[in-house]
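Asks: Have a look at this one.
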Amino acid sequence: MTLADCDRVAEIRIRGWQSAYRGLIPQSYLDGLSVAEDAERHRGRLAQADGSVVNLVAEDTGGEVVGWACHGPYRGGEVVTGDAELYAIYVHPEHLGRGTGQALLAEAVARCAAAGHGRLLLWVLKENGRARRFYERAGFEADGAEEPFEVDGVTVPEVRYARALPR
């Protein structure tokens, strides 16, 4: 991902939230999401990047960015592990079902394995059945860890998924 991709990545992320999380988190929160603010956050993160976080984009045959994934070290609070974490993966809603998400996930898995990580972890909304099936088809399993995620005063549970990475 480059700075020039930030606006499109923000659009994909926001539209992804608004589509995938409708009915799972408060609509007032989804309606208040700003593509411009999200793009600015992405630009700031890229400017401060130290190389530990990898942002990937997927383009269609015309060169338009249609998907984004981000991974890096597992964020386990004070606990430092050798695991990697998939922080985000989104495909523009108009491009779902075309293999873009699978390609982004496969590339993240390959890069994390090549970097020597033993596992790739991720968090997903407990009630997001579509995403959970996507990860399960890719070899991830819920490992029993759950955490609450608060959105506009509403607690939304997340579950952690894990997958061993090839050596």
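Asks: What residue among 74, 104, 6 has its Cα farthest toward the positive end of the dipole of region 1-112, where the charges are +1 on Lys, Arg and -1 on Asp, Glu, each on the Cβ?
Replies: 74
Asks: Please give the length that would be gained between residue 88 and residue 134 if that part of the chain were fully extended, namely 0.36 nm times their separation in residues minus their C-alpha to C-alpha distance (nm, one decimal).
Replies: Numbers: separation 46, 0.36 × 46 = 16.56 nm, distance 1.34 nm.
Contour length minus Cα-Cα distance gives 15.2 nm.
Asks: In what sequence, largest accessible area first, do 57, 151 appear using a 1.4 Å probe?
Replies: Values: 57 45, 151 5 Å².
Result of the area sort, largest leading: 57, 151.
Asks: Which order do you get for 147, 11 if you rank them by accessible area with a 1.4 Å probe, largest at the top? Walk me through the numbers before you get to the answer.
Replies: Numbers: 147 95, 11 60 Å².
Sorted descending by solvent-accessible area, the residues read 147, 11.
Asks: In the set [x] 39, 37, 33; [y] 46, 32, 28; [z] 44, 37, 29, which value of Cα extents along the principal axes in Å was calculated from the structure you see?
Replies: Looking at Cα extents along the principal axes in Å for this model, the match is [x].
Asks: Could you order 132, 167, 119 so the one with the most accessible surface comes first? Probe is 1.4 Å.
Replies: 167, 119, 132
Asks: Sort 13-19, 2-8 for me by packing, meaning the mean count of neighbouring Cβ atoms within 10 Å per residue, highest on top.
Replies: My ranking of the peptides, most packed first, is 13-19, 2-8.
Asks: Quick check on the chain: helices-only [θ] at 222 nm, where DSSP H runs of length 4 and up contribute -39,500 (n - 2.57) each and the sum goes over total residues. Nearest 500, please.
Replies: Values: 5 runs with 58 residues, N = 167.
Using -39500 (n - 2.57) per qualifying helix, the result is -10500 deg cm²/dmol.
Asks: Kindly report, to the nearest 10 Å², the accessible surface of residue 31 as traced by a 1.4 Å probe over protein heavy atoms only.
Replies: Around 110 Å² of this residue is reachable by solvent.
Asks: For the chain, with every protein chain kept in place, what is the accessible area per residue (1.4 Å probe, Å²)?
Replies: Details: 9070 Å² over 167 residues.
For the chain, the per-residue accessible area is 54 Å².
Asks: With both partners inside the chain, how many of the DSSP beta bridges are antiparallel, as a percent to the nearest 5? It would help to have the intermediate numbers written out before the result.
Replies: Details: 29 of 33 bridges.
That works out to approximately 90 percent antiparallel.
Asks: List the residues, sorted by chain then number, that are 5 or more residues from residue 59 or on another chain and whose placed amide H is less than 5 Å from its amide H.
Replies: 66
Asks: Let me ask something else about it. Quick one: Cα centre-to-centre distance for region 17-65 and region 97-167, in angstrom?
Replies: Comparing the Cα centres of region 17-65 and region 97-167, I get a distance of 17 Å.
Asks: Separate question: Which residue fluctuates most in the GNM of the chain (Cα springs below 10 Å): 136, 150, 107?
Replies: 150
The values are calculated or read from the model by the stated rules, or taken from the named source; none is laboratory data. Source: prediction; values computed, not measured. In this analysis, Cβ positions are derived from the backbone assuming ideal geometry, glycine residues included, and neighbour counts consider all displayed protein chains. With ligands, DNA and RNA removed, areas are computed over all heavy atoms of the protein, side chains included. Shrake-Rupley method; radii C 1.70, N 1.55, O 1.52, S 1.80 Å.
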